[in-house]
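Below is one structure, written out as C-alpha cells; comments come after it.
Where a number appears in this text, it was derived from the coordinates with a stated rule and is not lab data. Everything numeric here is computed off the predicted structure, so don't read it as measured data. Virtual Cβ from ideal backbone geometry, glycine too; neighbours counted across all protein chains shown.
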Amino acid sequence: MSFALAKVKSIIVEQFHVHETTVNEETMFSAHLGGDDLDRIDTVLEVERAFRITITDEEMQEFSTIGDLVRLVEAKQPSMQAAE
C-alpha cells in the first residue's frame, strides 16, 4: 500500500466513521460511503492539509473513488511516486 493510499484511507475512516477494512481504492464516495457534497468538500480539505496540496473545484468533481483521489494526490506530489 502506498503512503498516499494509507493516508487517504486514514482520513476516510475518520471522516466517515467506517472500519478501515471497508475502504479500498474501489470504494466510491457516494455509493459505498453515503457521502454527499459537503462530505466530499470536508474530505478534500483534510487531504489538502495532510499533503499540503491544492485540489481545484474541477478536480474535486472528477473523482468518484478513493483510488481516483489517491492518483490525484500522487500526481500533485510526483516525489511520492518515486519513493515507492
Inset, instruction - Have a look at Leu33, Phe51, Thr22 and report the one farthest towards the positive end of the charge dipole of the range 1-58, computed about the Cα centre with Cβ charges (Lys/Arg +1, Asp/Glu -1). - result: Phe51
Inset, instruction - Using DSSP to define loop residues, name the GluC sites (Glu not before Pro) in the range 1-36 whose beta-carbon has at most 10 other beta-carbon atoms within 10 Å. - result: Glu26
Legend entry - Whole-Hz couplings from phi, Karplus 6.51/-1.76/1.60, listed for the range 17-23; x for Gly and Pro: 6, 10, 6, 4, 6, 8, 10
Legend entry - Karplus (6.51, -1.76, 1.60) ³J(HN,Hα), θ = phi - 60°, over the range 55-60, in Hz, Gly and Pro reported as x: 10, 6, 4, 5, 5, 4
Legend entry - Relative contact order %, the chain, counting alpha carbon pairs below 8 Å whose residues are six or more apart: 37 percent
Legend entry - Simple spin-label estimate for Glu25 and Ala50 in nanometres, 7 Å along Cα-Cβ: 1.7 nm
